[in-house]
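This report concerns only the one structure given below.
The values are calculated or read from the model by the stated rules, or taken from the named source; none is laboratory data. All values reported here derive from a predicted model rather than from experimental measurement. With ideal geometry, Cβ positions are generated from the backbone for all residues, glycine too; neighbour counts draw on all protein chains shown.
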Amino acid sequence: MSKLNECVQRIEEIKVAFHEDTANASLNSRAVEELKVKYLGRKGLVTALMETLKEVSKEDKPAAGKIINELRKGIEEKLETLRAAAEEGALDESLAAQRLDVTLPVAAMQSKGSLHPVTLMRRIILDAFRSLGFTVYDGPEIDLDFYNFGALNFKDDHPARDMQDTFFIGDRSKTILRTHTSNIQIHAMMHERPPLRVVAPGRTYRCDSDITHTPMFHQVEGFIVDENIDMGDMKGVIDQLLKAVFGQDLSTRLRPSFFPFVEPGAEFDLQCVSCRGKGCRICKNTGWLELGGLGMIHPNVFEAVGYDSEIYTGFAFGFGLDRIAMLRYGLSDLRQLFEGNQQFLGQFPTHP
Ligand code: DAH
């Protein structure tokens, strides 16, 4: 047999061997690497063929070299395909092994947060007003004297403008921290045309601090402007509100009082939630709890915002949110609401 024939036969044997070695479809990356060494490595079968080539006659060399190269190329390509397949298989396998079922229930949380009593109270109150058709309004905490006092019919020498009550900002005259949420009445009325039903919660500021007063506190303001609004409507709204907050039929009463932006003006009291009017420590034996102020909107206020007081009437009311929260949740010290004590706050529910 010529050397060329020997070489060709050897090539055929290698082809058959390689075919057998790769017949098993699912080779892993390591097995593929081993085959590469076996056939193409320094001491591999194809490399060894090169030795045989040396003995082939000069004329036959190019032809023999060509078939060996084709064999090498064929093996390289096949191994590359197998390597890629092996890698993909490994990825699928690891993805399958690490499968994460996002629909599984998570472990129950150890502790849930709670809402601050003032937040709870605000939500309950706003819900009650929304169900009566009121729109919730917001207004600035830093405001001009005009909105907080001037347009609300406070005369220039009214004691409420005094330094003892009001925090002035800057030049002590025009810009202040609002002393009540009544400023929102003016903002809302100047923005909208009647009919209007507005409720507006917010922070308010007065230069005052003792067991029943904090320099920052919360109020809720509300008002209605329409044709033919009278004090009966006002009493009805207040009764509804208190029923929503305290969940029981407690009486309310109005006592004549003075606020520059209402005429007539009154304060409203609630029958004591603790003794239901018999007299106790909480109501200081009067049987009543003072809650806030209200009245029919003064014509001068309508004039300041450009409403015709011959056509429109309205009522307004305002009360302290902190005080109602204290009564509703039986708290004894206003300052508890502002200290941020986790143990105290953790006792309240997560929703109203
Ligand atoms: N703004 C008043 C205050 O802070 C409360 C108040 C009284 C609001 C009468 C009103 C009202 O809307 O009609 O003491």
Practice problem: Any chance you could count how many residues in region 88-133 are of a type in the set (A, V, I, L, M), in contact with a Phe, Trp or Tyr (Cβ under 9 Å, 6 or more places away or on another chain) and farther than 30 Å from LEU196 by Cα? | Solution: 1
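At least 2 residues that are assigned by TED's automatic domain parsing to the domain that holds ASP21 and more than 30 Å from PHE246 (Cα to Cα) in each: list the helices (runs of 4 or more DSSP H) lying fully within region 61-161 that qualify.
Numbers: elements: 61-97, 117-131, 145-148.
Correct list: 61-97.
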Quiz prompt | Meets criteria (in contact with a strand residue (DSSP E or B) (Cβ under 6 Å, 6 or more places away or on another chain) and within 16 Å of the ligand (Cβ to nearest atom)) for PHE302 | solution = no
Quiz prompt | Test: CYS275 is out of contact with any helix residue (DSSP H, G or I) (no Cβ under 6 Å at 6 or more places or on another chain), surrounded by 21 or more Cβ atoms within 10 Å (Cβ to Cβ) and farther than 30 Å from GLY150 by Cα | solution = no
Exercise. Kindly list, by first and then second residue, each pair from a residue in region 151-166 that is more than 11 Å from ARG206 (Cα to Cα) to a residue that is of a type in the set (A, V, I, L, M, F, W, C), limited to pairs with Cβ atoms under 6 Å and residues at least 6 apart or on different chains.
Key: ALA151/ILE186; ALA151/ALA304; LEU152/PHE261; ASN153/PHE261; ASN153/VAL301
Quiz item: If we scan region 160-173, do we find a residue that is exposed (fewer than 15 other Cβ atoms within 10 Å of the Cβ) and of a type in the set (S, T, N, Q)?
Solution: yes
Quiz item: Residues of region 125-171 being at pLDDT 95 or above and of a type in the set (Val, Ile, Thr), which ones?
Solution: ILE125, THR135, VAL136, ILE142
